[in-house]
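Mind looking over this structure? Questions follow.
The values are calculated or read from the model by the stated rules, or taken from the named source; none is laboratory data. Quick caveat, the model's predicted, so the values are computed rather than measured. So basically every Cβ, Gly included, is an ideal-geometry build from the backbone, and we count neighbours across all protein chains shown. These area figures cover heavy atoms from the full protein model, side chains too; ligands, DNA and RNA do not enter into them. Shrake-Rupley method; radii C 1.70, N 1.55, O 1.52, S 1.80 Å.
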Amino acid sequence: MIRTSNLQKIFTTEEVETTALNGINMEINQGEFVAIMGPSGCGKSTLLNILGLLDNPSDGQYDFFGTEVGKMSERQRANLRKGNIGFVFQSFNLIDELTVYENVELPLLYLKTPAADRKKKVEAALERMNIMHRRNHFPQQLSGGQQQRVAIARAVIADPKVILADEPTGNLDSVNGLEVMNLLTQLNQAGTTVIMVTHSTHDSGFAHRVVNLFDGKVVTEQFH
Ligand code: ADP
Ligand code: MG
């Protein structure tokens with residue numbers, strides 16, 4: 001389970017303080033699919049980055065499946081992230097110089113997975129995301145929908161407990177957006193916890209629960 005208690009995040013830039021998160025209390029169970037919504041600037045990405053161990057909170061507790069991570073060093077967080085967390089971004093964030101295959105393989109290289117095992121896993125993920133036929137292409141040679149499928153393959157390659165997705169359909173047309181939502185739903189049904197930021201009520205309809213943020217606070221929640 002993921003549990004936050006009074007999570008705060010204050011950014012300080014050139015003497016200006018911004019309170020991005022102002023006391024977030026959340027509990028997310030293993031296997032849940034949660035959508036986070038709210039107006040621009042309300043703290044959605046900041047929350048997702050902290051939940052995904054990309055950033056640390058300024059204050060409060062964060063329990064990630066039994067490990068308190070609120071005060072971990074960057075290095076400790078990076079270690080816990082490996083194999084536990086997969087990220088999907090609106091802008092796909094693929095490495096342009098690497099092929100589809102190499103992008104998806106990357107997390108396994110960090111995990112020092114043996115070569116034969118890597119090959120098996122990468123091919124399985126490419127098949128699952130229906131992108132095997134583009135394995136030797138570079139990201140710029142793919143459509144947005146195809147790039148996002150590669151990004152999802154990369155996010156799931158190490159079989160993470162949690163997938164975090166920040167507006168994963170934000171740069172896609174409705175057909176490709178629907179495909180991405182179907183893939184996230186399949187992963188969730190196979191047991192992966194999915195936490196997704198979205199502006200789309202269509203996309204949030206796929207979640208079990210919608211958490212609405214405003215000014216760095218949870219204001220309402222709806223269960224589906
Ligand atoms: P959302 O994703 O809901 O649009 P964000 O989480 O990106 O909102 O941002 C929340 C608030 O924190 C905003 O006021 C934003 O300007 C500020 N903020 C986010 N990241 C930083 C940063 N790295 N440095 C300074 N301010 C930031
Ligand atoms: Mg954002």
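Run down Pro57, Pro107 and say which single residue is part of a loop (DSSP other than H, G, I, E, B), buried (at least 20 other Cβ atoms within 10 Å of the Cβ) and touching a Ser or Thr at 6+ places or on another chain (Cβ under 9 Å).
Sole residue among the options that is part of a loop (DSSP other than H, G, I, E, B), buried (at least 20 other Cβ atoms within 10 Å of the Cβ) and touching a Ser or Thr at 6+ places or on another chain (Cβ under 9 Å): Pro57.
Please list, ordered by first then second residue, the pairs with beta carbon atoms under 7 Å, 6 or more apart or interchain, first in the stretch 149-173 and under 16 Å from Gln189 (Cα atoms) and modelled with pLDDT of 95 or more, second outside any strand (DSSP E or B) and within 16 Å of ligand 2 (Cβ to nearest atom).
The qualifying pairs are Leu164/Leu48; Leu164/Leu51; Leu164/Gly52.
Could you tell me whether any residue of the stretch 46-53 is away from ligand 2 (no atom under 16 Å from the Cβ) and open to solvent by less than 70 Å² (accessible area, probe 1.4 Å)?
yes
What number of residues within the stretch 15-40 are within 14 Å of ligand 1 (Cβ to nearest atom) and open to solvent by less than 80 Å² (accessible area, probe 1.4 Å)? Give the steps one after another, and end with the answer.
Narrowing the stretch 15-40 to residues within 14 Å of ligand 1 (Cβ to nearest atom): 15-22, 24, 35-40.
Checking which are open to solvent by less than 80 Å² (accessible area, probe 1.4 Å) leaves us with 18-22, 24, 35-39.
Of the residues in the stretch 15-40, 11 are within 14 Å of ligand 1 (Cβ to nearest atom) and open to solvent by less than 80 Å² (accessible area, probe 1.4 Å).
Just checking, how many residues over the stretch 195-209 are part of a loop (DSSP other than H, G, I, E, B) and either in contact with a Phe, Trp or Tyr (Cβ under 9 Å, 6 or more places away or on another chain) or within 16 Å of ligand 2 (Cβ to nearest atom) (or both)?
So the answer is 6.
Next question. Would you call Thr12 part of a strand (DSSP E or B), out of contact with any Gly (no Cβ under 8 Å at 6 or more places or on another chain), open to solvent by 30 Å² or more (accessible area, probe 1.4 Å) and within 16 Å of ligand 2 (Cβ to nearest atom)?
no
In this structure, is Asn49 assigned to a helix (DSSP H, G or I) and at pLDDT 95 or above?
yes
For the stretch 137-190, give me each residue that is open to solvent by 60 Å² or more (accessible area, probe 1.4 Å) and on the phi > 0 side of the Ramachandran plot.
Asp159
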